[in-house]
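Written below as structure tokens is the structure these notes are about.
Every read-out reported here was derived from the displayed coordinates using simple, explicitly stated rules and does not represent laboratory data. None of these values were measured; they are calculated from a predicted model. FYI the Cβ positions are ideal-geometry reconstructions off the backbone, even for glycines, and counts take in every protein chain you see.
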Amino acid sequence: HLIKSEIVKLLIENSTGYISGEEMSRQVGCSRAAIWKHIEELRQAGYEIEARPRHGYRLKYRPDRLAPEEIHPHLQTERFGREMEYICFTPSTQIIAHKRAKDGAPEGTVVVAEEQAEGRGRMGRVWYSPPKTGIWMSLILRPPIPLAEASHLTILASVGVREAIQKETGLDVQIKWPNDLLINGKKVCGILTELRGEYDQIHYVITGIGMNVNVSESDFPVELRKIGTSLAIETGRTIHRASLLATILKELEQTYFIYLQEGFSAIREKWEQGAAMLGKIITARTAQGSVTGVAERINEQGALLIRTSTGIVPVYSAEIDLPEN
Ligand code: BTX
């Protein structure tokens, strides 16, 4: 798909005028016949490319797909998204990413789908993933950290994704511990961290990210309308998913590199700036019962510290009830 990416990039750069087949074949380094074949395939995929004799090609319409050739022209990363698998329809990108990771896929490999039939949430819950309106992706990581610190990865992913949404849309995004991003109190993105490891060693981590981008209010099933939102609902405009995905990968990579170089405390500070709940009275529902108190901060393990009448309680896994507004 690299040749195709180059062709799309040239078409985008020259979309105010024409670019000749000869010029493209020179820049891409393949024959004119190969260029023509790729142009045909792009047309099949929904691109409108005008061909004018003696002038060349001009891009008239670019579909909003998450295919690698759409993302690559925007990609500014070293590793994240450099290997990418694009699927139209799948039960879950997590399942595919687990297979690829077991087969040795390099760190930074991304699996992305236009639609999921059984998107996974935590604890057997389902993540609603309608066609062509979201970013449903799984990222393979191979962090050199002990198993006990795996929760750092959910936290750093929420910091990176928050940064990306804010940069692309200007919206104010709040992080709800442990794995949700909210806009105006509604869920716009969920993060799922799954891993394989043994003897305190992590083999690999799959970071699943589900983001409602161009989902409209009527697209949401009734039961999600009150709790879910999308970037299009909040901004009132359609968002170009491919460039958003490139920004997400850039911010995630940056956050991940900072984490590996400087450690968790650098990430924790950024997390605290975006946390929806710090200083508020919350209720954490855990497997062992409910804890109510003031959310103070997160500790070195990524656990949420809650100040109760009897002292500070660390919570490692829970559902959080936030106070109204
Ligand atoms: P979670 O268990 O924290 O959240 C799941 C809950 O969120 C559901 O029970 C429902 O109430 C609500 N919900 C479901 N779908 C949506 C939606 N589209 N928008 C807002 N709220 C919703 C969060 O789990 C982690 C989700 C990760 C999803 C990604 S998508 C790519 C990757 N592949 C995969 O199968 N899962 C991950």
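Going by a ≥ b ≥ c, the root eigenvalues of the Cα gyration tensor, does region 190-325 fall in the rounded group (a/c under 1.5), the prolate group (a/b larger than b/c) or the oblate group? All intermediate terms of the calculation are to be shown ahead of the outcome.
On the way: a/c = 1.81, a/b = 1.19, b/c = 1.52.
Judged from the Cα gyration tensor, region 190-325 comes out oblate (a/c at least 1.5, b/c at or above a/b).
Once the chain from Ala148 to Arg307 is taken as fully extended at 0.36 nm per residue, the excess over their C-alpha distance is 54.9 nm.
Full extension of the chain between Ile12 and Glu50 gives 12.4 nm of extra length, using 0.36 nm per residue less the Cα-Cα distance.
Full-extension gain between Ile87 and Gln261, please, as 0.36 nm times their residue separation minus the C-alpha to C-alpha distance.
Values: separation 174, 0.36 × 174 = 62.64 nm, distance 3.33 nm.
Using 0.36 nm per residue and subtracting the Cα-Cα distance, I get 59.3 nm.
Label zone of Arg125 (point 7 Å out along Cα→Cβ, amide N under 16 Å): in region 162-206 this covers 175-183, 185-194. Using the Cα gyration tensor of region 64-155, with a ≥ b ≥ c the square roots of its eigenvalues, what is the shape: rounded (a/c below 1.5), prolate (a/b larger than b/c) or oblate (neither)? Since a/c reaches 1.5 but b/c is at least a/b, the shape of region 64-155 is classed as oblate. Taking the Cα centre of the chain as origin and assigning +1 to Lys and Arg Cβ atoms and -1 to Asp and Glu Cβ atoms, the resulting dipole is close to 480 debye.
In the structure shown, do any of Lys176/Lys226; Lys102/Lys132; Lys99/Lys186; Lys176/Lys280; Lys9/Lys102 have a Cα-Cα gap over 23 Å, and if so which?
From Lys176/Lys226; Lys102/Lys132; Lys99/Lys186; Lys176/Lys280; Lys9/Lys102, over 23 Å: Lys102/Lys132; Lys99/Lys186; Lys9/Lys102.
So which trypsin sites (Lys or Arg not before Pro) in region 189-260 are both in a DSSP loop and have at most 15 other Cβ atoms within 10 Å of their Cβ? Filter output for region 189-260: Lys226, Arg237.
Measuring between their Cα centroids, region 81-104 and region 196-232 lie 16 Å from each other. Between the listed residues Asn299, Pro323, Ser31, the Cα displaced farthest toward the positive end of the dipole of the chain, a dipole computed from Cβ unit charges relative to the Cα centre, is found at Ser31.
Dipole orientation for region 71-143: of the candidates Trp127, His72, Tyr86, Trp127 has the Cα lying most toward the positive pole (charges on Cβ; Lys, Arg +1; Asp, Glu -1). Taking Cα centre as origin and charging only the Cβ of basic (Lys, Arg, +1) and acidic (Asp, Glu, -1) residues, the dipole magnitude of region 180-325 rounds to 320 debye. The helix-based estimate of mean residue ellipticity at 222 nm for the chain, built from -39,500 (n - 2.57) per DSSP H run of four or more residues and divided by its residue count, is -10000 deg cm²/dmol to the nearest 500. For the peptides 288-296, 64-72, 138-146, 204-212, residues were scored by their other Cβ atoms within 10 Å and the scores averaged per peptide; the highest-first order is 204-212, 64-72, 138-146, 288-296. Shape class of the chain from the Cα gyration tensor (axes a ≥ b ≥ c, square roots of the eigenvalues): prolate, since a/c reaches 1.5 or more and a/b is larger than b/c. Placing +1 on the Cβ of every Lys and Arg and -1 on the Cβ of every Asp and Glu, with nothing else charged, gives region 2-61 a dipole about its Cα centre of roughly 100 debye.
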